[in-house]
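What follows is a set of notes on a single structure, which appears directly below.
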Amino acid sequence: MEKRSNFGSKIGAVLAAAGSAVGLGNVWRFPTEVGNNGGAAFIVVYLLCIAFIGIPVMLSEFLIGRHTRANTITAFSKLAPGTWWRLEGVAGVFVAFIILSYYIVVSGWTLFYFIQSVGGQLMADRDYSLVYNDFVTDPWMPVLMALAFMGLTHVIIARGVQSGIERFSKLMMPMLLFIIGILVVCSFSMPGSSEGLRFLLKPDFSKITGSVVLSAVGQAFYSLSLAMGCLCTYASYFRSDTRLPKTAMGVGAIDTSVAVLSGFFIFPAVFSVDSVSVDAGPGLVFITLPSVFNIAFHGVPWLGYVFSGLFYLLLMLAALTSAMSLHESVTAYLLETFSISRKRAAIIVSVACMTLGVACSLSFGMWSHLTLFGMNLFELFDFVSSKVILPLGGIIICLFTGWYLDRRLVENELTNGGTVRFRLFRLYYFIVRYVAPLAIAGVFVQELIA
Ligand code: PHE
């Protein structure tokens, strides 16, 4: 068996975990959910979910991973041998696999749009909703793009923890933050942007319903990469002197900033281009932004190429760092459980995900008539994972750390064996024991009844 790897540095650990968190969920899914759920009020609920549920659950995952230094399934079995808790590990790895299968589809779109931007096709007067529809319903191109994207993810994962995951995250994350900053400034300077700002900043609390709250919880989990074994797996590569609370807050802060900044970038732009509506769904980023680039840089097309090219490149790379963590969650399990080489484990995961990914991609076109509960395969995967398995997984992780594990073990791990202080430990413990599980369960049950 190969020696277990570690992240080489603390900053590498933070950036890898932040790389997992920051992804399509921030730039593509978050604005879509904001648009569908009424704007500012949703954002307020979302921020509360991040602070009071997301970060404590992340800390729990961190401590489970680092304490056991194993993949998620083994981690639960080690801490609770011979019990049903193991199933939470199984659910985590399973859902990571499912999410990766559809994640590569949208990631493939970003790759396509990147190529289009560089080729100049995005800087033309076209109807971008038509362009988008033609593209996603095409049987070949999106599939090809998803496969190419999966290939990239595969190569990095096969290289291993330090020279693959860590190295790549350290390179990409600072670039990503920089470019989002530039885009926000551009977007604000567009005419009509103030209406978009109002949509983001003036909460209408009458819009908050059970389903809005469930969406916010689901989005918080999704965006922070919780309950799918990713952060647990990454934490198993943390060094023993990595401070878990500080790391969790750092990751939460980076992730939330990117999501909110994306909102601030996208909505003012959406409102300034009136042919697009805010609840355009998954097409928001792929229909609105090309129009925006086109209008904003009409006079200086080369700047448009540069900006749109950079935007889609970075969106793709953000997706890549997230896809890496999903892949690693499953790969680490195979590699450690069946004692096979990393390369072989990675190949199994890649091929299996590619197969499902092709089906997800086709569900936009050729197979769009195959639906279950009114959802195509892609929507079904997204719904089941983010609205069912993730919230349930969150509850189980809280119950596990709050009630099953020995309090001393938890405190010991969070304070690195008592060598560093964690002032908010009591608050954390109270949240994972009572607040988070009850809150998630309440929202979940309400949705089931409704
Ligand atoms: N958090 C990622 C995002 O925001 C998505 C993701 C989910 C990544 C689960 C890893 C695990 O896009």
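The values are calculated or read from the model by the stated rules, or taken from the named source; none is laboratory data. Every value quoted in this text rests on a predicted model; they were computed, and no experiment measured them. Note: ideal-geometry Cβ built from the backbone for every residue, glycine included; neighbour counts use all protein chains shown. These accessible areas exclude ligands, DNA and RNA; they are computed on the full protein's heavy atoms, side chains included. Shrake-Rupley method; radii C 1.70, N 1.55, O 1.52, S 1.80 Å.
Using a Gaussian network model of the chain whose springs link C-alpha atoms within less than 10 Å, name the residue from SER215, SER20, SER189 with the highest mean-square fluctuation.
Maximum among the listed residues: SER189.
Tally up the carbon and sulfur contribution to the accessible surface of the chain as a whole percent, 1.4 Å probe, everything protein left in place.
67 percent
Greater than 32 Å separation of Cα atoms is the criterion. Which listed pairs, LYS207/LYS246; LYS78/LYS387; LYS78/LYS343, meet it?
Over 32 Å Cα-Cα: LYS207/LYS246.
Between ASP127, ASP255, ASP138, which gets the highest mean-square fluctuation from a Gaussian network model of the chain, Cα cutoff 10 Å?
The residue that fluctuates most here is ASP127.
When the helices in the chain are scored as -39500 (n - 2.57) per DSSP H run of 4 or longer and the sum is shared across all residues, what 222 nm value do you end up with, to the nearest 500 deg cm²/dmol?
Computed ellipticity for the chain at 222 nm equals -22000 deg cm²/dmol.
Across 10 Å bins from the origin, how do the percents of Cα pairs in the chain run, short distances first?
5, 22, 33, 27, 12, 3, 0
For the chain, with a Gaussian network of springs between Cα atoms less than 10 Å apart, report the residue from GLY250, GLY35, GLY418 with the top mean-square fluctuation.
GLY418
I'd like the FRET efficiency for LEU87 and ASP125, computed as 1/(1 + (r/R0)^6) with the beta carbon distance as r and R0 of 56 Å, rounded to 0.05.
Using R0 = 56 Å, I get an efficiency of 0.55.
I'd like the distance separating the alpha-carbon centroids of segment 9-64 and segment 210-248, in whole Å.
About 8 Å separates the Cα centre of segment 9-64 from the one of segment 210-248.
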